[in-house]
Amino acid sequence: MKKIFVLSFISVGYFLNAQNLSNSPYATYGIGDVKYDNTIETSSMGGISTAFISDFTSNFNFANPANNANFELTSIKLEATNENNYFKTNFNNTKSTKHSTYLSNISLAFPISSKIKMGLSYQPYSSKSYDILTSETRTDSEGNSYIASNRFKGSGTLNTALVALSYKISPEFSAGLRANLYFGTLYDTNELAYSNADLVNGYETKNSIRNFNFTLGASYQKTNPSTDHKLTIGATTTFGNTNGNMTTDYTNSTYYYSAADVKAGESIIEQKSTKSKNLLPLQASLGVGYGDENHWFLSTQLDYKKGETVSYFGSTFSFQDSYRVAVGGWYLPNYNNFRSYFSRVVYRYGAFYEKGNIQLAGNNINKFGISAGVMLPFKNSSITRMSGLELGIELGKRGTLKDNLINQNFINFRVGFNFADKWFRKTLYN
């Protein structure tokens, strides 16, 4: 157990140094490719979290901070994601692939009292990492041919730091509050170059983001004592831009690249700066679940996100209202069967459909997928101290081939550790 604990922290250092978030070309719009706000546990179940109250005492729910009535231990989670994207478009019958591995979640959670629980977490929220080059041959007035190249590049990550508090009002009702801090810098650059010209004309958009808002959560869970069956209802609301802003700097300039591919000889044509508060829109979620104590659980969930308007290359881009429907759950065969290790493994499953907030050429950029995962308990893990290795997989599709748009198929792997025990607490003797 101690060796695994040390090894996991060494791996955190590797992922932080190698942090490179892959995403789709649709990340060119707005604040990039938004990562769904969840852990391996919930992503393996299609993303259901709003009505998910873990039966075990070692799992803290950040997505709905009200859903931690059963949480009793100190929990440390370290998680990483490996993304594999496969792109195809009918434009010149182009195909490409992109892979990346990054630290996707690190969290610490602990009980303050029997009714109050607290959690701290870091996650990437969105990212830009694209490089698209288009070229065409043109002819000037004298009949000479030249190549015109248009290059779009994006980089940067928007991160989140979360602080969540849960309060158990009664045996059935709980409430929660999560404070969300968003911070990071995102870059978009559009370069126009001609084979018969020495200089490149570049238009860079730099978005510096510092934003703060809140998520409110509530949950109700009723248990039938004769059957151990549970009905759970949960809801969350994330308010829009409570405090903070996004500063956008535009730079239109000409320059050339040196032999070392470094920008040189830059001459500024125009510079301007704007501020915007319309960055993180209102979001809401409603979920319903039903299950059998320490045996199985099934839930469905509906998420809604209000549309927004953001600056993009000096102009504005409007995102539509969007929604996400998910269904998923988990199954534990028999944790008391110590003759069979796999009877003590938690198996997870799920599926989702997301009506996207981007519309291009009259086409909605939608997304759907299926997911699965397991929680492999450590040897000394028990039903009241559920520590173990988390594994998850997600397969899906985003986009369309219509109107020369891009179809994105993806397969994402997730791995993490959950260390849970009664740490940092004094033992009392009578």
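The values are calculated or read from the model by the stated rules, or taken from the named source; none is laboratory data. Keep in mind it's a predicted model, so treat the numbers as computed, not measured. Don't worry about glycine lacking a Cβ; one is built from the backbone with ideal geometry, like all the others, and counts go over all protein chains shown. All accessible areas refer to the heavy atoms of the entire protein, side chains included, with ligands and DNA or RNA removed. Shrake-Rupley method; radii C 1.70, N 1.55, O 1.52, S 1.80 Å.
Structure above, values below:
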read-out	value
The chain: calculated mean residue ellipticity at 222 nm from DSSP helix runs of at least 4, using -39500 (n - 2.57)	-1500 deg cm²/dmol
Rounded Å value of the spacing that divides the Cα centres of the range 167-194 and the range 233-296	9 Å
Whole-Hz couplings from phi, Karplus 6.51/-1.76/1.60, listed for the range 187-194; x for Gly and Pro	10, 10, 10, 10, 10, 10, 9, 10
Long-range HN-HN contacts of Leu199 with modeled amide H, under 5 Å	none
Candidates Arg385, Arg398, Arg151: whichever shows maximal mean-square fluctuation once the chain is modelled as a Gaussian network with Cα springs under 10 Å	Arg151
Degrees separating the helix 2-17 axis from the principal Cα axis of the chain, which is the longest one	20 degrees
Where the chain is the region considered: accessible area per residue in Å², 1.4 Å probe	48 Å²
Other-chain or far-sequence residues with amide H under 5 Å of Arg210's (modelled H)	Asn245, Thr247
Under 21 Å from Lys367, Cα to Cα: lysines that are on another chain or at least 8 residues apart	Lys35, Lys88, Lys95, Lys98, Lys128, Lys305, Lys306, Lys355, Lys397, Lys402
Protein accessible area in the chain, 1.4 Å probe - carbon and sulfur %	57 percent
Length-normalised contact order for the range 83-171 - Cα pairs under 8 Å, 6+ apart - percent	26 percent
Sequence ranges 41-51, 293-303, ranked by mean other-Cβ count within 10 angstrom, highest first	41-51, 293-303
Compactness relative to 2.2 N^0.38 Å, alpha carbon Rg of the range 99-225	1.82
